[in-house]
1. Taking other Cβ within 10 Å of each residue's Cβ, how do A:VAL123, A:VAL140, A:VAL294 sort, fewest first?
2. Using alpha-carbon pairs under 8 Å, 6+ residues apart, how would you state the relative contact order of segment B:230-385 in percent?
3. Run a plain Debye calculation on chain B (Cα atoms as equal point scatterers, no solvent) and give log10 I(q)/I(0) at q = 0.07, 0.10, 0.14 Å⁻¹, rounded to two decimals, same order as the q list.
4. Which far-off residues, 5 or more places away or on another chain, put their amide H under 5 Å from the one on A:ASN335, with H placed in the peptide plane?
5. Can you spot the aspartates and glutamates whose alpha carbon is less than 17 Å from A:LYS410's alpha carbon? Ignore those fewer than 8 places along the same chain.
6. What does the average come to when, for each residue of peptide B:47-56, you count the partner chain Cβ atoms lying within 10 Å of its Cβ?
7. Just to be sure I follow: if Rg is taken over the C-alpha atoms of segment A:1-50 and Rh is the Kirkwood radius over the same atoms, what is Rg/Rh?
8. A 30 angstrom limit on the alpha carbon distance is what I want to check against. Which of A:LYS32/B:LYS49; B:LYS32/B:LYS226; A:LYS49/A:LYS267; B:LYS7/B:LYS192 exceed it?
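None of the figures in this text is laboratory data; all of them are computed from the coordinates on show. In this text, all values refer to a predicted model and were calculated from it rather than measured experimentally. Here the Cβ is made from the backbone with ideal geometry for all residues, glycine too, and neighbour counts use every protein chain on show.
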Number of protein chains: 2
Amino acid sequence: MPVLVMKFGGTSVATLDRIRRAAKRVGVEVAKGYDVIVIVSAMSGETNKLVGYVGETSPLYDAREYDAVVSSGENVTAGLMALTLQEMDVPARSWQGWQVPVQTTSAHSAARIEDIPTDNINVKFAEGMRVAVVAGFQGVSPEGRITTLGRGGSDTTAVAFAAAFDAERCDIYTDVDGVYTTDPRIADKARKLDRIAFEEMLELASLGAKVLQTRSVELAMRYNVKLRVLSSFEEQSDAAGTLVCSEEEIMESNVVSGIAYSRDEAKMTLISVADRPGIAAAIFGPLSEAGVNVDMIVQNISEEGRTDMTFSCPTDQVLRAEKALAAAKERGDINYHDLVADTNVAKVSAVGIGMRSQSGVAAKMFKTLSDDGVNIKVIATSEIKISVLIDRKYMELAVQALHDAFELDKTA
Amino acid sequence: MPVLVMKFGGTSVATLDRIRRAAKRVGVEVAKGYDVIVIVSAMSGETNKLVGYVGETSPLYDAREYDAVVSSGENVTAGLMALTLQEMDVPARSWQGWQVPVQTTSAHSAARIEDIPTDNINVKFAEGMRVAVVAGFQGVSPEGRITTLGRGGSDTTAVAFAAAFDAERCDIYTDVDGVYTTDPRIADKARKLDRIAFEEMLELASLGAKVLQTRSVELAMRYNVKLRVLSSFEEQSDAAGTLVCSEEEIMESNVVSGIAYSRDEAKMTLISVADRPGIAAAIFGPLSEAGVNVDMIVQNISEEGRTDMTFSCPTDQVLRAEKALAAAKERGDINYHDLVADTNVAKVSAVGIGMRSQSGVAAKMFKTLSDDGVNIKVIATSEIKISVLIDRKYMELAVQALHDAFELDKTA
C-alpha cells in the first residue's frame, strides 16, 4: 500500500481533544488506502518545561542527559495517539526513536539523521498495522544514547521518514493553513500559495517565515519529498494547504512568489579599511569564529588603497561583532578608521524562481521603492532572491508596495 | 569497588530541590568508596497524570501503549538526577530500562524482571563512572516494547539491581523513616524497628504497611539482599532506618515484632452449606475467578451434613463475592441457606518470627483482648502471624493493648 507521512506539531496535539481531532484526520487517510506514518511532537509547553528543568539543574548541561530528558514529551504523545487511533479501530502502535531505530550522529541536542531502516515498521505494516506513530525530534546515537535533532526537529523527522519509506507525500499539520505571499499581518492582500518550490521555501524560511524547520526543506529537496503544509484546525480537502515541491511540478507561477522581511537586522559599516588582498577573510573570519551570522556584504569602491565595508547581521549579535572586530584590530590583522552600527534598519526581500528566466525584477523592485520615497541602503542578490536593507520605519510600506507591484494577490 | 543501590521514591524527587537533596546523599556514599546504582521514580504526581491521560483516551487501553506512556516520568527524573550529580562533580549518567537492558516478561503493566545483564553498566563503572542513575519501574519485553512492573515497581527494580550487581545493600529512601512496631497514628508508643526479618516484613506489607512493594521484599528474601528503609527528609547515619534482612542477622528479637491492622476487611458467612467433599473448592473456586481476594477461612463443625463457612475479603469486593456465590448457587454447584456480610469488622494481627520457637503467643493475645472485653469473631494463624477479626470499633483499643502486652515499646 502507498505510504503517507503526517506530522502534527505541538499545538496540534496540545490536548487530548486535539489528539482526537488529529487522529480523525489520520483515519481519513487510512480509509483512502494509505499506510500512514504519523510523526508527533510533544504536547505544546511540555518540551519548554523539560528544557527549563535541565537549565535550572545544570546551566552547562551534559547534552546527552539533556536529550534523555527533553525527548520524553514525544514518547507520551506517540503512545496517546496510538491509543486514540486504536479507539477508532485503526490498527496502530507507537514507536520511540530507538525502536525504529532512527540512527543519528552523536551530536547531542543537534544530531543529524544518518539512516532510518524500514524493516521493523514494514514488518508490522505487512502484519496489518495501518499506522506507525513515531515520536518525532529524537533518535539514537551509535553509542546507544538518545539524541535529539534540535528545536523544530520533528519536521526533519517527518521528511526523513517520507524519504526512507518513499512516501507519496509528507503532510505537515500546523497552526497556519499554508505558506503566504507575505505576512498577512502586514499586508492584508497576502494570498496563500497553492505551490511553492523548495528553493523558494528555503529562502523564505531562512528569512523568518517560521513554518518549517530549514533542515527539513533541505532534506525534502535532496530526496524530492513532496511536502505539504496545512492547518490541523480546519477541515481539509486534498488540495488544501501549500505544497512545497520541485520546480518542475509548478506549471505556471508568478515571477516573484513572495515578499519576506526581517526586523532583526543591523547594518554594520567599517569605515576606511586598508584594502589589500585577503582583507575580506581577515574581517569575516573572526566574525564567523565569534558566532556572528553575517548575511549581506557590500564592499564600496576602493580609493587610494582604502575602502568601506558594509555587512548585516542579527541585531542581537552587534555587540559580539564589535568585540570580534576590535580584537582583530588590536592584533593588527585589520586596520579601519571607525565601525558604525545602524540597528534601525529592516531587510525586505523578493523571492521567486521565475527571476532566473525573467529580467527586470530588480529594476522593478528598486523603482517601486523609489516611487514611495524609500531609500535603499544595501542591496544583495542571489539567483532567486533580491534583498534590500532600508530604514525600519518604511518596512510595512515597502512590503505592501512590492506585494502590489508584483501582483502577488493574483494567481499566475 | 563495592556496589550500593539507592532508590528514591516519587516524594523524594518531587522537585529539583529534592533531587538535589537526594543527590547529596548519593554523593556521601560515593565519597565512602561505593559505586552507586540509583533507582528513581517519577516526580510525584507525574505518573498519576500520565495514567489519567491514558484512561481518558482509552478506557480499555492497550497495555503496551499504557507502558510506553506512563514510563516516561522516570526517564525525566533519571536524566535530571544524573545532571545534578554531574554538577556536584560526581561522574554519573542516566540509563533507561532498554539501555541496561532490564529484560522483563511481556506481561505489560505487570511485567516481571527476567534478567538484568550487568555488562553495559559495569563497563562504564570500569571507565570511571561512579553513579548509574536508572529509571525505575520499567523494562523491555522480548519483543522490544517498553514494559512496566506495576505501581510501586521501582522498589522491585532496586532489589533486582542489588541482586544482579551483588550489592552490599539496597537503601530505599522514602517519606517515612523506617518500619514501626505498629502505626504511630494509632499507638503513640509505636517504636521504629532497627531490624526486621523478610518474612515479618512480608506479613506486615500484605497487611497494609505500605512501605515497600510486596514483590520487592519477596525478591530480596530470595536473593538475600539487605534492604534498608529510611527517610530522605532527615540527615542519615549508617544505622538509620530499618534494615530488612534474613532472620539469622537478627541476634535477639521480641517474640512479636509488630502489630498490624486492616480496616477494610469484611466478614462473610455462608449459613447452612450442604457439606460434602469438594465443597470448599466449589465455594472458593468461583470467588477466585471473580477476582475476590479471600483472606481468612473458617469452617464450623459440621452437623447433620450441613455446616457454616466464614471467610473474610476486602470490603469493596463484597458485592462481587455475593454475585459470584449467587451464580454458583443458581448453577446448583453449591447449596446454602443464607449469606451474611458483616462489613463492620477489622483485622488485627501480631507478627513475629519469634513465635516459631515460643509458645503461648496466641493464648496471651486472646487473654489480652478478652481482658479488654473485645470479642473475637474469626481467628487465623500462620507460623509467624496470628490474626483476629473483631468489631471495628475496638480496633484502636486492640492494637494499643497488644502493643503493650507484647512490650513492643521496649527493645529486646
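1. Exposure proxy ranking, most exposed first: A:VAL123, A:VAL294, A:VAL140.
2. Relative contact order of segment B:230-385: 32 percent.
3. -0.40, -0.78, -1.24
4. The answer is A:ALA274.
5. By straight Cα distance, A:LYS410 reaches A:ASP183, A:ASP188, A:ASP194, A:GLU252.
6. Mean partner shielding for this stretch: 2.
7. Numbers: Rg = 12.2 Å, Rh = 11.5 Å.
Taking Rg over the Kirkwood Rh, I get 1.06.
8. Beyond 30 Å between Cα atoms: A:LYS32/B:LYS49; A:LYS49/A:LYS267.
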